[in-house]
Structures are given as C-alpha cells and as structure tokens.
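The values are calculated or read from the model by the stated rules, or taken from the named source; none is laboratory data. On a predicted model such as this, the values are computed, not experimentally measured, just so you know. Neighbour counts run over all protein chains shown; Cβ positions are idealised from the backbone, glycine included. What goes into the accessible areas is simple: the full protein's heavy atoms, side chains included, and nothing from ligands, DNA or RNA. Shrake-Rupley method; radii C 1.70, N 1.55, O 1.52, S 1.80 Å.
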Amino acid sequence: MALLVRVLRNQTSISQWVPVCSRLIPVSPTQGQGGRALCGTSQKIKIAALRMYTSCVEKTDFEEFFLRCQMPDTFNSWFLITLLHVWMCLVRMKQEGRSGKYMCRIIVHFMWEDVQQRGRVMGVNPYILKKNMILMTNHFYAAILGYDEGILSDDHGLAAALWRTFFNGKCEDPRHLELLVEYVRKQMQYLDSMNGEDLLLTGEVSWRPLVEKNPQSILKPHSPTYNDEGL
C-alpha cells in the first residue's frame, strides 16, 4: 500500500531541490509605506511559505487517504490530496491581508516546482510532463474555484465540490464524501484558530487526523516557537 508515496519520500527532499527563496521572481514593486513593509518582509514570508507547503506534503498521511477513501496509489492521487491541503492553506492565508496574499503566490510556486521535480524523479518523459503540467494547472484553478464555492456553502455544496474534484465524480460510497466534508470543516476550523502573525512568521501548520480517535481533542494549537528573525 502507498508504494509510490514511499518511493517519492525516499528519493525526494524539498530542501534539496526547491529553488533558493531569493531566486523567486519578486512581485511588482509597490508604492507607499505598505509596499515598503512588504518588500522588507518578503524574504521571511518566502521561507514561511516553503515551510507551509512542506507541511502539506510531509505532514499529511497520504496512506490513510488512500485506504479510507479507496484511492489508487498514483501520482494523480498524490496531487489531488496535496491540492486539497494547499487550498486550505490558501484560504487561511488570504485572511492575512497583502502579506497573506503574497504568501499564497509563493506557496503555489513551490507546489508547481514540487510537481515538476517529482515527475522527473518518476522518469516521466519531459514532453509528457509538460503536457500534464498544463492539464494539472487547469485542474488546479478549477478546483480552487469549486472548493471556494463549496466552503462558503452548506455541507451539500461542499460535498458536491469534493465529489467533482477530489473524487473526479467517481465516488460510489457516500461515507467517503461524508468523511471528507467533516475533515475539511474541522481542518478549516483548526487553521482559523491559529494566529495569523505566527503563520506569516513560521509557516508551521499541523493537520488533524482524517479520522479522530478522540473528537474532543480538537483544541486550539499551541503557539509555535521562533527566534527574533521569525525563523
């Protein structure tokens, strides 16, 4: 079970191949005091964004998703699970004003760098990989719109968004949809309880289990520790 995920974890390490944060293309210069403040903190936000994206791929129990949602152990399944967690991070960080929106852009940048690198590790033909990247990009933005509408709707609306995107319209067991709806709701509640300034400084995110052993254990997380530089 989850052989592909184990292989990718053994052969890839985000710290080995993600471009140095300073090499990222900067956003367009902004004017005013707010713009200068953003430029002064952009480097810290890039590091926090890398950590937040890393939490999406290294702190998520992919094998549990494969098992409980009856998903095949494929690269596409890995992408769908990662996309869901990246989207939840984006929803949370968009609440943090201009800095949060900037961080969202960097998180998405790291995600595509990750997807490309994992494709290379798997030996995917460069032409096919490029073609698949275009398809995944289109899927990503369609998924973001669908999930955004779903999270603002009731559970039926969210279930419909998950059915279309996460399950590709092929979920035959309603219990799987119910599990995912509950997971997203509790996860968003958990992320909302995290301090926004801490998230901008550290990017440290933890995830609740897909199935809670103790439903009463969903408590406000502890504040992360960081030094004077926010690292």
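If you go through the range 209-229 and keep only what is modelled with pLDDT of 55 or more, within 22 Å of the chain's Cα centre (by Cα) and open to solvent by 40 Å² or more (accessible area, probe 1.4 Å), you end up with 209, 211.
Does residue 77 qualify as being open to solvent by less than 10 Å² (accessible area, probe 1.4 Å) and of a type in the set (S, T, N, Q)?
Details: open to solvent by less than 10 Å² (accessible area, probe 1.4 Å): yes; of a type in the set (S, T, N, Q): yes.
Yes: the conditions hold for residue 77.
Number of residues in the range 154-191 that are assigned to a loop (DSSP other than H, G, I, E, B) and of a type in the set (Gly, Ala, Ser): the value is 1. For residue 60, the conditions (1) farther than 25 Å from residue 210 by Cα; (2) in a loop (DSSP other than H, G, I, E, B) are fulfilled apart from (1). When the residues of the range 120-143 are filtered to those that are assigned to a helix (DSSP H, G or I), at pLDDT below 90 and within 18 Å of residue 82 (Cβ to Cβ), the one that is least open to solvent (accessible area, probe 1.4 Å) is 129. Within the range 195-208, can one find any residue that is touching an Asp or Glu at 6+ places or on another chain (Cβ under 9 Å), assigned to a loop (DSSP other than H, G, I, E, B) and open to solvent by 60 Å² or more (accessible area, probe 1.4 Å)? Yes: one or more hits.
When residue 146 is tested against (1) closer than 17 Å to residue 80 by Cα; (2) surrounded by fewer than 16 Cβ atoms within 10 Å (Cβ to Cβ), only condition (2) is not met.
Of everything in the range 82-103 that's free of Cβ contacts under 8 Å to residues at least 40 places away in the same chain and closer than 24 Å to residue 158 by Cβ, which residue is surrounded by the most Cβ atoms within 10 Å (Cβ to Cβ)?
Selected residue: 86.
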